[in-house]
1. What is the gain in length, in nm to one decimal, between residue 171 and residue 128 on full extension, counting 0.36 nm per residue of separation less the C-alpha to C-alpha distance?
2. Where the centroid of each part is defined by its Cα atoms, how far is region 163-177 from region 199-243 in Å?
3. In whole Hz, with x marking every Gly and Pro, tabulate ³J(HN,Hα) for region 231-242 from phi via Karplus 6.51 cos²θ - 1.76 cosθ + 1.60, θ = phi - 60°.
4. List every residue whose amide H lies under 5 Å from the amide H of residue 124, counting only residues 5 or more places away in sequence or on a different chain, with H placed 1.01 Å from N in the peptide plane.
5. Hey, what do the phi angles of region 196-201 turn into as Karplus ³J(HN,Hα) couplings, whole Hz, using 6.51/-1.76/1.60 and θ = phi - 60°, x for Gly and Pro?
6. Can you give me the orientation-averaged projected area of the convex hull built on the Cα atoms of region 104-219, in nm²?
7. Hey, what do the phi angles of region 21-30 turn into as Karplus ³J(HN,Hα) couplings, whole Hz, using 6.51/-1.76/1.60 and θ = phi - 60°, x for Gly and Pro?
8. In the chain, what is the volume of the convex hull around the alpha carbon atoms, normalised per residue and reported in Å³?
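Values in this text are rule-based calculations from the coordinates and carry no lab data. Because the structure is a prediction, the values reported are computed rather than measured. In this analysis, Cβ positions are derived from the backbone assuming ideal geometry, glycine residues included, and neighbour counts consider all displayed protein chains.
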Amino acid sequence: MKKFISIVCFLMFNIGFSQFEIEVEGALGFQAYNDVRVPNEGGTKIDLTDDFSVRQPVIPFRARLTYTFNKKNHISALYAPLNVYSSGIAENDIFFENTQFFTSDFINASYRFNSYRLNYRRDVWKTDKWYLGLGLTAKIRDAKIRLRNDELSDQTTDLGFVPLIRFYLTYTKNQHQGILEGDGLFGPVGRAFDVFTGYQYKFNERLSGKIGYRFIEGGADVDQVYNFTWIHLATVGLNYKFN
């Protein structure tokens, strides 16, 4: 996080404030499902949502810095950490990674899926009210799934690159704006989607506020792990333009 802030400050002071905007977003949500099997061959399939009785609310935040050049081109950097926690008594024996957990064990489960994204978007269609931008996103995922009880603990981690398609659609009337935007792509062994739809109000030339719904869905079916997750989020955010 410190490195991310340092890069933001460096760019803004060396390129100029006027072409930048910063957006921060907080959310409150829950998991629809979080299916896990580690390893994919030989592991026990569990749902970190339904198989555990105590589920803490999902409260993530994210921050995005966007740089605009030649009016139609936008480069943005996104920092989006995500941590989910649940716990409960195992109803069946669970083999996870290299560890055997047993029926009636009280298990604490944690799921981390931090996302770091660099995106390029270009304006492709624009009228007085409508705007459509399309682009590409380079995503770095930092994932970890961990199970533990009073005596045992095991985890699986993954740090990898995912290419995504970026879209951004808005309808604007005076200070009011409807938004549909996100990143997403299907692949041969998985998929990844992060989509937001909502309403934004322009308080003045620089500051806007937004509310809406976001869903994060996807996962992978590979040798090391089987994991597919769907998270629903109610979001609120602020956007500040340095112009």
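1. So the extension gain works out to 14.6 nm.
2. 13 Å
3. Calculated HN-Hα couplings, in order: 10, 9, 9, 8, 10, 9, x, 10, 10, 10, 9, 8 Hz.
4. For residue 124, whose amide H was placed from the backbone, the distant partners under 5 Å are 132, 133, 134.
5. 10, 9, x, 10, 10, 10
6. Averaged projected area of region 104-219's Cα convex hull equals 10.3 nm².
7. Those phi angles translate into 9, 10, 10, 10, 9, x, 8, 9, x, 8 Hz.
8. On the way: hull volume 29.6 nm³, N = 243.
Cα convex hull per residue, to the nearest whole number: 122 Å³.
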